[in-house]
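Values quoted throughout were computed directly from the atomic coordinates according to the rules given, and no laboratory measurement underlies them. Fair warning: this is a prediction, and the values are worked out from it, not measured in the lab. Glycine gets a Cβ as well: all are built from the backbone with ideal geometry, and neighbour counts include every protein chain shown.
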Amino acid sequence: MNFFNHFGRYILMIRGMLTKPENWRMYWKELMHQCSDIGIGSLGIVMVVALFIGAVSTLQTAYQLVSNLIPKSTIAQIVRDTVILEFAPTITCIVLAGVVGSKIASELGNMRVSEQIDALEIMGINTKAYLIMPKILASFIMIPLLVIIAGVLGIWGGRLAGVMSGILAPEEFDGGLLSGFLPFNVAFALYKAYTFAFIISSIPAYFGYFVQGGALEIGKASTTAVVTSCIMILFADYILAALLL
Amino acid sequence: MIEIKDLKKSFGDKVVINGVSAVMETGKANLIIGASGSGKTVLMKCLVGLFEPDSGEILYSGRNFTEMENEGRKELRQQIGMLFQGSALFDSQTVEQNVMFPLNMFTRLTYPEKVKKVNEVLERVNLKDANKKYPAEISGGMKKRVGIARAIVLNPKYLFCDEPNSGLDPQTSLVIDKLIYEVTKEYNMTTVINTHDMNSVMEIGDHIIYMHQGEKEWEGNNKQIIYSKSKKLNDFIFASEFLQDVKEMRMLEAEGKAPNGKNGNK
């Protein structure tokens with residue numbers, strides 16, 4: 001019953017934000033502000049995570065490929081596909097659920113508790129549209145870009161680790177990278193990125209927007225938002241893989 | 001003018017507002033007073049549309065707010081200003097940006113025109129040299145003044161103040177009361193103030209509604225409240241021995257008798 005209650009309110013929140021903006025310029029400004037917050041604000045952690053995940057996947061793949069019959073360039077193929085299909089979109093978005101999700105939930109929660117949302121409502125502003133819509137749109141713009149950056153850096157990190165540890169030569173890695181490449185894998189990663197972007201922005205926005213109480217409740221809402229977003233990302237990951245691969 | 005007709009609001013089984021009717025007059029400070037849990041905050045939230053009443057009507061200059069669609073409400077809300085208990089200033093914006101926000105959202109003024117208007121209202125609330133400060137950098141009294149400035153920057157017809165004196169010292173409270181009263185007269189607004197500050201009641205109570213357990217128990221002004229015979233109101237207003245003595249003294253003065261109570265003149 002509780003689930004349906006939350007789900008119903010979530011759908012109503014999404015529907016409620018689909019109205020004509022009171023002032024396009026102000027909404028645009030807010031969208032740009034959110035793009036900067038979500039995109040630039042998360043770039044550092046995404047780069048670090050992507051580089052290390054790529055590097056570790058090269059080392060671990062090499063460790064498991066013990067047969068001399070398998071060419072070393074296979075390592076690059078495996079790293080490429082793993083990074084593009086799973087690590088870049090899913091791991092990046094799980095990290096972003098923590099970074100961006102908790103920020104969205106706590107920001108909106110604080111605005112709710114300190115009556116800033118009420119103040120906007122009384123001014124005649126649709127707060128769902130003004131506060132939530134720019135966050136979701138900014139996520140749609142910035143998260144796929146971050147996933148692409150994570151993919152490129154992940155593969156580069158893998159190449160770097162492979163070369164530096166002497167597992168395979170740069171030419172071998174580049175050869176493997178180009179062989180049997182399926183452009184659909186990139187499209188699939190982007191489908192995931194868009195789906196996860198919606199989850200990462202809308203679920204924390206829901207928990208933050210409807211928070212009731214004080215500082216303790218804001219903390220709880222933030223934690224619940226991150227946990228729920230992570231579970232939904234993993235669930236959506238499985239559904240997309242089952243449907244599209 | 002705001003007319004409230006037989007307003008009712010419940011949360012589950014708990015009746016919070018039970019058939020309240022009143023008229024909030026233009027150009028006057030209309031005070032809603034009552035103990036905590038008496039329903040005054042819920043009444044104010046119903047008036048501004050943050051809560052939907054179960055039944056009854058709210059009329060803003062004859063326009064039925066309760067039956068309005070979203071678009072009509074949005075339009076009307078641009079004529080409403082509200083000062084919140086905690087001021088509700090936007091943390092990430094400076095004082096100037098906070099006051100400018102409604103102008104940015106609802107007007108097509110140029111930036112220099114907006115700055116001029118912001119400076120005018122900030123000067124009106126006696127707040128100078130704070131334009132570039134953030135809410136975290138100013139005092140509680142200053143925050144209230146910024147809240148008032150933001151509420152009146154669009155020249156609203158209706159001003160709502162929820163506990164404007166909470167958390168302020170008595171002297172600053174008087175300044176804020178005076179300010180609200182002055183802007184009410186100056187802008188000829190219908191001002192509704194939710195308070196349990198007795199200084200406010202006595203100083204600016206042009207029209208007072210006393211709420212008790214969700215019902216309107218008494219209605220009058222700051223002159224009449226002294227002579228009220230309502231036991232519930234007297235218990236609430238003159239709760240302390242000191243205030244009871246003040247009431248007794250005032251009543252004796254009105255009857256032309258010299259006060260001879262504990263605090264009376266010799």
* Structure fact -> Those residues of segment B:38-57 that are within 14 Å of chain A (Cβ to nearest Cβ) and surrounded by 23 or more Cβ atoms within 10 Å (Cβ to Cβ) come to a total of 2
* Asked: From the list A:ILE45, A:ILE78, which residue is under 30 Å from A:ALA215 (Cα atoms), away from every other protein chain (no Cβ under 14 Å), in contact with a helix residue (DSSP H, G or I) (Cβ under 9 Å, 6 or more places away or on another chain) and surrounded by fewer than 23 Cβ atoms within 10 Å (Cβ to Cβ)?
  -> A:ILE45
* To do: For segment B:55-69, state whether one or more residues are closer than 20 Å to A:ALA129 by Cβ and out of contact with any Lys or Arg (no Cβ under 8 Å at 6 or more places or on another chain).
  => yes
* Asked: under 24 Å from A:LEU216 (Cα atoms) and within 14 Å of chain B (Cβ to nearest Cβ): does that describe A:GLY98?
  -> no
* Structure fact -> Within segment B:58-76, restricting to residues that are within 9 Å of another protein chain (Cβ to nearest Cβ) and under 16 Å from B:PRO156 (Cα atoms), the one that is surrounded by the fewest Cβ atoms within 10 Å (Cβ to Cβ) is B:GLU75
* Somewhere in segment A:121-138, is a residue among the aromatic types (Phe, Trp, Tyr) and either farther than 30 Å from A:MET26 by Cα or free of Cβ contacts under 8 Å to residues at least 40 places away in the same chain (or both)? -> no
* Asked: Tell me, which residue of segment A:101-130 that is farther than 21 Å from B:LEU76 by Cα and among the hydrophobic types (A, V, I, L, M, F, W, C) is farthest from the other protein chains (Cβ to nearest Cβ)?
  -> A:ALA105
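If I go through segment A:104-159 residue by residue, how many of them are among the hydrophobic types (A, V, I, L, M, F, W, C) and under 30 Å from B:LEU159 (Cβ atoms)? Break it down stepwise before answering.
Initial filter on segment A:104-159 (among the hydrophobic types (A, V, I, L, M, F, W, C)): A:104-105, A:108, A:111, A:113, A:117, A:119-120, A:122-123, A:125, A:129, A:131-133, A:136-138, A:140-143, A:145-150, A:152-153, A:155-156.
Those left that are additionally under 30 Å from B:LEU159 (Cβ atoms): A:108, A:111, A:113, A:117, A:119-120, A:122-123, A:125, A:129, A:131-133.
Of the residues in that region, 13 qualify.
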* Structure fact -> Checked against (1) of a type outside the set (D, E, K, R); (2) over 22 Å from B:PHE106 (Cβ atoms); (3) part of a helix (DSSP H, G or I), A:ALA119 satisfies every condition except (2)
* Exclusive hit being of a type in the set (A, V, I, L, M) and closer than 25 Å to B:LEU122 by Cα, set B:ILE80, B:ILE58 -> B:ILE80
* Does segment B:245-256 contain at least one residue that is on the phi > 0 side of the Ramachandran plot and either in contact (Cβ under 8 Å) with a residue 24 or more places away in the chain or out of contact with any Lys or Arg (no Cβ under 9 Å at 6 or more places or on another chain) (or both)? -> yes
* Could you tell me which numbered condition B:GLN79 fails, if it satisfies all but one of (1) away from chain A (no Cβ under 12 Å); (2) under 23 Å from the mean Cα position of the chain (by Cα); (3) surrounded by fewer than 18 Cβ atoms within 10 Å (Cβ to Cβ)? => (1)
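Given the residues B:LYS231, B:LYS216, B:LYS178, B:LYS185, which is the only one that is free of Cβ contacts under 8 Å to residues at least 24 places away in the same chain and among the basic types (Lys, Arg)?
On the way: B:LYS216 fails: free of Cβ contacts under 8 Å to residues at least 24 places away in the same chain; B:LYS178 fails: free of Cβ contacts under 8 Å to residues at least 24 places away in the same chain; B:LYS185 fails: free of Cβ contacts under 8 Å to residues at least 24 places away in the same chain.
Only one candidate passes the filter, namely B:LYS231.
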